[in-house]
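Comments concern the structure below.
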Amino acid sequence: MINHISVIAFDADDTLWMNEPYFQEVEARFCGLLEDYLPHHTVSQELFKTEMDNLPLYGYGIKAFMLCMIETVLRVTENTANPEILNKVIQYGQEMLDKPIELLDGVDSVLAALYGKYRLVVATKGDLLDQERKLKKSGLEHYFHHIEIMSDKKERDYQKLLKHLDCRPEEFLMIGNSLKSDVLPVLALGGHAVHVPYHTTWQHEHIDHTIEDPRFYQFITIAEILPHLTT
């Protein structure tokens, strides 16, 4: 059992609802736009480089992704791109922003089971407007005591959240699909963390080592956590 928990925080993208497959789908279409200039895998590498270079400026989310695609087009084509390519990039981003929300299996029932027994929180990074839109569309908003849309998910960001919630680290449990963002910083602060892997993860979120910590748990589905929390 995971004992003495008062606050349970959930990541949003690819923990509560589907997200990364939309990015991968658009990236594939984007690479096709530039196939007259570079092979698909090279365009993908160039796009990732642009994203990493701009991460401190743009942060995370669809709008940042759109800007990085536009910049990559201009660099790859040496500023000679047909404007129609740029129009397509903007169209792809707008389509992503208008996607329906597809909840992952078990999410609604897990939140319903935990509601009223713990303070439930959303702790997610990304664009403020987009994440608020997705939460509203999801129909899950009423379960949550607090919504925290973070510019990043490092130790200092979780410290700020814990202070706002007046919660000690040992009473805090984070659930998410990213070992890098949802698990490691929380464990470093003395909190508990549950990893629920998603079938695809952005390469920036990968880590190359095994986590061994008594406050770390890993389940195949989000529903598997219930027997470890509820009595």
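Summary of computed values
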{"item": "Residue with peak Gaussian network fluctuation, the chain [Cα springs, cutoff 10 Å], from H145, H209, H41", "result": "H209"}
{"item": "Dimensions (Å) - segment 98-231, Cα atoms, principal axes, largest first", "result": "37, 37, 31"}
{"item": "Sum of -39500 (n - 2.57) over DSSP H runs of 4+, divided by residues of the chain (222 nm, nearest 500)", "result": "-13500 deg cm²/dmol"}
{"item": "Amide H contacts of M174 (H built 1.01 Å from N, under 5 Å, at least 5 apart or other chain)", "result": "A9, H192, A193, V194"}
{"item": "Percentage, to the nearest whole number, of Cα pairs in the chain over 27 Å apart", "result": "37"}
{"item": "Whole-number Å³ per residue for the convex hull built on Cα positions in segment 20-97", "result": "80"}
{"item": "Net charge of neighbours whose Cβ lies under 10 Å from the Cβ of S138, counting Lys and Arg as +1 and Asp and Glu as -1", "result": "+1"}
{"item": "Farthest positive-ward along the chain dipole, Cα basis, beta-carbon charges - from N3, L129, T42", "result": "N3"}
{"item": "Amide H contacts under 5 Å for Q218, placed H, 5+ residues apart", "result": "H195"}
{"item": "Under 5 Å, built H, 5+ apart or other chain: amide partners of D14", "result": "N19, E20"}
{"item": "Sites matching GluC sites (Glu not before Pro) across segment 24-126 that sit in DSSP coil, with at most 14 neighbouring C-beta atoms within 10 Å", "result": "E35, E78, E102"}
{"item": "Residue-by-residue Karplus 3J(HN,Hα) for segment 127-139, coefficients 6.51, -1.76, 1.60, Hz, glycine and proline x", "result": "7, 4, 4, 5, 5, 5, 4, 5, 5, 5, 5, 5, x"}
{"item": "Kirkwood hydrodynamic radius over Cα pairs of segment 1-132, then Stokes diffusion coefficient at 20 °C and 1.002 mPa s, in µm²/s", "result": "128"}
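Quick note: the coordinates plus some simple rules give every number you see, no bench work behind them. Predicted model, so just to flag it, every value in this text is computed and none were measured. Here Cβ is always computed from backbone atoms with ideal geometry, including for glycine, and neighbour counts include all displayed protein chains.
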